[in-house]
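Inspection log for the structure reproduced underneath, given as structure tokens.
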Number of protein chains: 2
Amino acid sequence: MQTRRRPYHHGDLRAALLIRAEETLRDKGPTALSLRELARDLGVSHGAPNRHFPDKQALLDALALIGFERLIEISTAAQERAGESFAEQLDALARAFVDFALTNAALLDLMYSVKHAPEASEALRAAEQRFGQQVVDMIGEGQRRGEVREGPWQRLALPVFTTLRGYAGLAANGTLPTETAEHGLDDVIAYILRGCAPD
Amino acid sequence: MQTRRRPYHHGDLRAALLIRAEETLRDKGPTALSLRELARDLGVSHGAPNRHFPDKQALLDALALIGFERLIEISTAAQERAGESFAEQLDALARAFVDFALTNAALLDLMYSVKHAPEASEALRAAEQRFGQQVVDMIGEGQRRGEVREGPWQRLALPVFTTLRGYAGLAANGTLPTETAEHGLDDVIAYILRGCAPD
DNA sequence: ACCTGAACACCGTTCAAGT
DNA sequence: ACCTGAACACCGTTCAAGT
């Protein structure tokens, strides 16, 4: 790709590591992800990554953070494109989430893995919350429009988020029987709407 | 623990490996799981595990299978203990699932990991389906009792399962804000009931 | 049938030394 | 400030050889 001789400094090794890491995560799975191979691919010594990530877990955390940021970006864009009704907003969010899950299956796994759960970086937890907040906001707006049942936001946002997250996870690992995957998401959206409908 | 000198044959090395593997999975996480350390812990040579599991992934698959079997056992028992109404059956299943998730967080992660998704063993996929079937059966029975809306079973079972799976996952990785975790499951159950209620 | 132990090709992490 | 390269203590997997 790069014809110029690589200089002593890579330029932006940190970013390059993350990009390459995500590629191998997608193509060969999390088990195949190795710092040494990453370094080899980028034509850099095996010790170099340690300058940018104190250990492998730090790279995985950074990868997960990127995942959340992309997910937020994609779903926000989808919701802005969609109509204002709660049904349309939910539809947009759900499809964006599942799209993301299908094209970033291994990354999604990483994002919600227990591995970095207890001591995850502040930034990672914040990004996770920010995506959750998107659901909370959607519910709140739906209530204001009278399209969603009354009650504390979070106590409805949690079940809704839970359903979306569950379906995205199932879609990602491909365990859905093909027939049900067909209209699966439509059914899930309809069911969420019922769960949210005013009495 | 064992005062008798260990004989040449371990006796049941396969079972011992799985038990020990689950312990370290629970205590030290999936990253810390190594065949060589397992062998060391059991006082056996590092090559011995390979007689029982062709590779590490095979051990992980076997572990996931055990997880599904235990989950099915626990939730079946809970449902048998519970009352016959759909609400009671759902409550029992949901609480059993979340209990399992909380006490087997890393194992649950493994069970639904994308890692062994495409080429998982037949037994593993079967166990996964068997647990899903439990939800399908519950919905079917609820319909027969007139407590669940009409319609094809799976098209309602999928959203319901999705919600349970999503909540179990969130509970397992501990990302639920503590206040919402408090009444979270109650809210989720109520929401599922609304999603299933006849018109 | 089941296990040992050496061998091989990998890892992650550390750290002096180089630029 | 950023990277190299040797060193260390680990891996998983294979395979002849032992019991």
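Below is a table of values for the structure above.
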quantity: Top-ranked residue of the range A:190-199 - restricted to ones that are within 17 Å of A:Leu90 (Cβ to Cβ) and open to solvent by 40 Å² or more (accessible area, probe 1.4 Å), ranked as farthest from the other protein chains (Cβ to nearest Cβ); calculated: A:Pro198
quantity: Within the range A:34-126, helices (runs of 4 or more DSSP H) holding 3 or more residues that are more than 16 Å from DNA strand C (Cβ to nearest atom), farther than 26 Å from B:Arg26 by Cα and open to solvent by less than 20 Å² (accessible area, probe 1.4 Å); calculated: A:56-81, A:86-103
quantity: Top-ranked residue in the range A:59-81 [being among the small types (Gly, Ala, Ser) and touching a residue at least 24 places away in the same chain (Cβ under 8 Å); ranked as farthest from DNA strand D (Cβ to nearest atom)]; calculated: A:Ser75
quantity: Selection from the range A:56-84 of residues that are farther than 30 Å from B:Ala32 by Cα and not basic (Lys, Arg); calculated: A:Ile72, A:Glu73, A:Ile74, A:Ser75, A:Thr76, A:Ala77, A:Ala78, A:Gln79, A:Glu80, A:Ala82, A:Gly83, A:Glu84
quantity: Members of the range B:82-99 found to be within 12 Å of the chain's Cα centre (by Cα) and free of Cβ contacts under 8 Å to residues at least 60 places away in the same chain, listed by number; calculated: B:Ala96, B:Asp99
quantity: Every residue from the range B:166-189 that is open to solvent by 30 Å² or more (accessible area, probe 1.4 Å), within 8 Å of another protein chain (Cβ to nearest Cβ) and closer than 29 Å to B:Gln143 by Cα; calculated: B:His183
quantity: Search result, residues across the range A:144-164 that are part of a helix (DSSP H, G or I) and open to solvent by 30 Å² or more (accessible area, probe 1.4 Å); calculated: A:Arg144, A:Trp153, A:Gln154, A:Arg155
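The values are calculated or read from the model by the stated rules, or taken from the named source; none is laboratory data. Note that this is a predicted model, so its numbers are computed, not measured. When we count neighbours, we look across all protein chains shown, and the Cβ atoms used for this are built from the backbone with ideal geometry, even at glycine. Quick note on the areas: whole protein, heavy atoms, side chains included, nothing else; ligands and nucleic acids left out. Shrake-Rupley method; radii C 1.70, N 1.55, O 1.52, S 1.80 Å.
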